[in-house]
2 protein chains.
Amino acid sequence: MEPGRRMDVGILAMDIYFPPTCVQQEALEDYDGASKGKYTVGLGQDCMAFCTELEDVISMSLTVVLSLLEKYQIDPRQIGRLEVGSETVIDKSKSIKTWLMQIFEEYDNTDVEGVDSTNACYGGTAALFNCVNWVESSTWDGRYGLVVCTDSAVYAEGPARPTGGAAAIAMLIGPNAPISLESKFRGTHMAHVYDFYKPNLASEYPVVDGKLSQTCYLMALDSCYKRFCGKFENIEGKQFSISDGNYFVFHSPYNKLVQKSFARLVFNDFLCCPSNLQKEERENLEPFSNMTGEESYQSRELEKVAQQVAKPYYNVKVQPSTLLPKQIGNMYTASLYASLASVVYNKHSTLMGQRIVMFSYGSGLTSTMFSVKLHDGQHPFSLSNISCILNLSEKLKSRHVFSPENFAKTLKLMEHRYGAKDFETSKDTSLLSPGTFYLTKVDSMYRRCYAKKGSEDAPGSKKMSSFSSMSLTNAY
Amino acid sequence: MEPGRRMDVGILAMDIYFPPTCVQQEALEDYDGASKGKYTVGLGQDCMAFCTELEDVISMSLTVVLSLLEKYQIDPRQIGRLEVGSETVIDKSKSIKTWLMQIFEEYDNTDVEGVDSTNACYGGTAALFNCVNWVESSTWDGRYGLVVCTDSAVYAEGPARPTGGAAAIAMLIGPNAPISLESKFRGTHMAHVYDFYKPNLASEYPVVDGKLSQTCYLMALDSCYKRFCGKFENIEGKQFSISDGNYFVFHSPYNKLVQKSFARLVFNDFLCCPSNLQKEERENLEPFSNMTGEESYQSRELEKVAQQVAKPYYNVKVQPSTLLPKQIGNMYTASLYASLASVVYNKHSTLMGQRIVMFSYGSGLTSTMFSVKLHDGQHPFSLSNISCILNLSEKLKSRHVFSPENFAKTLKLMEHRYGAKDFETSKDTSLLSPGTFYLTKVDSMYRRCYAKKGSEDAPGSKKMSSFSSMSLTNAY
């Protein structure tokens, strides 16, 4: 650490929003005529959130940003940088960030740097790194950064459809953070591949090569882990193994890939330094020790054995991060940070001094492994307060389960609405919580109008904080 | 400056590529049946570059990145971060940066952070700031950053069509730069507006409200200038006026707006501190001193008088930046940096110790005014070498002028090609220089194939530098 640097720059506060509308994976299996367990065990998913015609990546991010500012009592004038990560394109030129400026313009704060960062599910990580670097740079003006990850993952009818999801996360960035980045341990791997992309501009659906994408993910993971371990060894003077991380958090397209990924790290530890493992574990993995990389990605047997060996560690080091991804589905840029939020929510009181290793992956491809350290924080930026504000169990419990028929009907409607103009939505906000932004219409010039569901019609809703009563109106 | 910070972080090297194909604005006036001088005087434009079916933002950025690395003899393994600014969407998920990774993968360098930054013409500035902050951050690993701005600006038939253009710029980033950012003087203004946007996803053309966009540009300019001057005054203890900047470089959609913008700064200086101006200048502007902001944006009379007052200063402080924008047209994210390149090219030997004030604008909107200081640099990163490598006059002279008919025909073809799959291009590279990348086909899965025009078929082409002979192939 050089003199004059800001210490412990990272995440001061988090909040998440996901649509209250979801479909059960078990019901989807039935509806799709898939074999029992194909989605719930094969993919490892329980439930999937989706946007109805009322919500999109802009409305979700408006909702979560205002929610974070209110709940942590942050004056919008204290935000000096706002970065958005997203791969859900509503406009090819105008950034989602500019829509969010509405919140800040109401407080005459237009001095807010930052735009949108784009590469598949990695945009949120790019936004986070950019925001942290800003705080560490000579241009920092002492105000907070704000990172928003917002995405709606939808797929054409077929095998990829159950791997959708939707959410928006907001993270406040600054020094002396309870979740600080260990900036020297970072392994990055970037390459040119066509594993998942969105070249059909008129359609919201991606082109996906599922098998290639999984191999790319695991190869990128190996490469990042190797670099991460190398840097750790250079600085700490000892080999890194999974015992040096208390939790491992992965970008989660579906839970099964997270299981495979963690097992892959265990296999890497075995290859690199077998003594890290117990005798029986070593013996189980021994038959695979001479495989080429390519063979190892294709071997079902290795996959199975490595997962068995990893299982007890998985239960402790990974499982706590899987709450939201299993319940919501793939949130693209928000997925990794929803997994981090799950750990903080589940384990906040025991996290002090611990290390969480994070793996961010975006198809195309871009990937980074990095780590965060957990600290005491000062209220309101303490782990316990973050956990309390996240309020995940309550948010999950209050959702409305749609039938697969209604889910499919909603997606059909959205296909027509994507890129369309000159329509109004139903404005039926009965399923939305007070404070939720929603789309009311898109005019003949494609201009989008949003409104905020008033809190007055919701008994027991949280009292608005002082700043929000000043001038925020309900029309956006 | 705090201890331990890297000094003078900024632009070490630049290179620009623009298509060799262009159309004369005077011929376009004729062809469009526009009044004589409408494009050449009314817009202030001379010529417009455009991509044929062989080129796009990916091929242009491949060309310029490899050209910069070769001409400055930079080993691709020395690049630790690569950021792209663009608003030309070929894929909604896969970043342009991942296509550029092909160059670095050949050298086994996949450890290259950064993705694409998006908001209209501002993405390049966001990428530059992100790259500079990275060098100043605790994560910097001592390698170079690389910023690429690449765009193709095309408009539907009608009044906006002559405001197109196309180019890609590459800038190498690091400490002790001949063009360093004065990070403390920075004025930013961000807001939510619909002045220019791209909501019609299937079309390459934007939706533009030309009058609104011009007003937004000038309002953002005023706001940024005010903030920039405020920070200057806080730190330097004296008022900023245009006499404190040797050159003023603006994002240039068309030259006329640059003339108006500079005049607006002079008007701001007059309002803020009339004594900055000569007696006669003051008398000319006096009648407008009590206008409201809104009135001042609408007043043709003020526009005219302010431009007259500003003219002698414009000729000295702005004119040298207008070479490329007048000859190429709007290059979106590359426009501001093509203007900077024009100053460096025209004035390199006299720039030492001078200050250039830059105004970046992206519709939607995002805008920042910032400044750079010019220093002696060490070869190859000296202003004179940058000027020599830019080689602008030669590049401009060797272009091929298309008739307006052929230009219109090309754009018609490109309308069909945008977002399309399963086609091959003519592969007729006769107009391209050796070393230029070009599109050969898009397959049935939308995968894009590029090739590089070999240098062997061009007598007198530059000898390839040592690194490029190692392993770079001709197929991408």
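The values are calculated or read from the model by the stated rules, or taken from the named source; none is laboratory data. Worth saying up front: this structure is predicted, and the values here are computed from it rather than measured. Cβ: placed from backbone, ideal geometry, glycine included. Neighbour counts: every protein chain shown.
Of everything in the range B:78-97 that is over 23 Å from B:Y438 (Cβ atoms) and in contact with a helix residue (DSSP H, G or I) (Cβ under 7 Å, 6 or more places away or on another chain), the residue that is farthest from the other protein chains (Cβ to nearest Cβ) is B:I79.
Looking only at the range A:286-303, which residues are surrounded by 12 or more Cβ atoms within 10 Å (Cβ to Cβ), assigned to a helix (DSSP H, G or I) and under 32 Å from the mean Cα position of the chain (by Cα)? Correct list: A:S296, A:Y297, A:Q298, A:L302, A:E303.
Is it the case that some residue within the range A:161-168 is more than 7 Å from chain B (Cβ to nearest Cβ), surrounded by fewer than 24 Cβ atoms within 10 Å (Cβ to Cβ) and in contact with a helix residue (DSSP H, G or I) (Cβ under 7 Å, 6 or more places away or on another chain)? Looking for residues that are more than 7 Å from chain B (Cβ to nearest Cβ), surrounded by fewer than 24 Cβ atoms within 10 Å (Cβ to Cβ) and in contact with a helix residue (DSSP H, G or I) (Cβ under 7 Å, 6 or more places away or on another chain), one finds none in the range A:161-168, hence no.
Might you check whether a residue that is among the charged types (D, E, K, R) and modelled with pLDDT under 95 occurs anywhere in the range A:176-186? Taking every residue of the range A:176-186 in turn, at least one turns out to be among the charged types (D, E, K, R) and modelled with pLDDT under 95. Screening the range B:23-59 for residues that are out of contact with any helix residue (DSSP H, G or I) (no Cβ under 8 Å at 6 or more places or on another chain) and either among the basic types (K, R) or assigned to a loop (DSSP other than H, G, I, E, B) (or both) and picking the one that is nearest to the other protein chains (Cβ to nearest Cβ) gives B:D56. Among the residues of the range A:98-124, those identified as β-branched (V, I, T) and either more than 9 Å from chain B (Cβ to nearest Cβ) or over 17 Å from the mean Cα position of the chain (by Cα) (or both) are A:T98, A:I103, A:T110, A:V112, A:V115. Filter the range A:104-135 down to the residues that are in contact (Cβ under 8 Å) with a residue 40 or more places away in the chain and surrounded by fewer than 24 Cβ atoms within 10 Å (Cβ to Cβ) and list them by number. A:E106, A:Y107, listed by residue number. Annotation: A:F359 fulfils all but one of (1) within 17 Å of A:A120 (Cα to Cα); (2) within 14 Å of another protein chain (Cβ to nearest Cβ); the unmet one is (2). Reported count of residues in the range A:1-22, each being at the interface with chain B (Cβ under 9 Å from one of its Cβ atoms) and either outside any loop (DSSP other than H, G, I, E, B) or modelled with pLDDT of 95 or more (or both), is 1.
Scanning the range A:205-218 for residues that are more than 26 Å from A:Q307 (Cβ to Cβ) and within 9 Å of chain B (Cβ to nearest Cβ) returns A:P206, A:V207. Within the range A:364-383, if we keep just the residues that are among the hydrophobic types (A, V, I, L, M, F, W, C) and assigned to a loop (DSSP other than H, G, I, E, B), the residue that is nearest to the other protein chains (Cβ to nearest Cβ) turns out to be A:L365.
Rundown of residues vs (1) under 30 Å from A:I79 (Cβ atoms); (2) buried (at least 24 other Cβ atoms within 10 Å of the Cβ), yes/no style:
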position	(1), (2)
A:I16	yes, yes
A:P20	yes, no
A:A27	no, no
A:G33	no, no
A:K36	no, no
A:Y39	no, yes
A:D46	no, no
A:E53	no, no
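Within the range B:371-405, being out of contact with any Ser or Thr (no Cβ under 7 Å at 6 or more places or on another chain), among the β-branched types (V, I, T) and buried (at least 20 other Cβ atoms within 10 Å of the Cβ) holds for one residue alone: B:I386.
For the range A:214-269, a residue qualifies if it is in a helix (DSSP H, G or I), hydroxyl-bearing (S, T, Y) and more than 16 Å from A:Y297 (Cβ to Cβ), and exactly one does: A:S243. If the condition is being farther than 18 Å from A:M358 by Cα and surrounded by 24 or more Cβ atoms within 10 Å (Cβ to Cβ), then the range A:304-328 contributes A:A306, A:I328.
Scanning the range B:16-66 for residues that are free of Cβ contacts under 8 Å to residues at least 60 places away in the same chain and hydroxyl-bearing (S, T, Y) gives B:S35, B:T40.
Being more than 14 Å from every other protein chain (Cβ to nearest Cβ), within 23 Å of the chain's Cα centre (by Cα) and surrounded by fewer than 18 Cβ atoms within 10 Å (Cβ to Cβ) is a property that A:M331 lacks.
Looking across the range A:220-230 at every residue that is touching a Phe, Trp or Tyr at 6+ places or on another chain (Cβ under 7 Å) and within 19 Å of B:G114 (Cα to Cα), the one that is farthest from the other protein chains (Cβ to nearest Cβ) is identified as A:L221.
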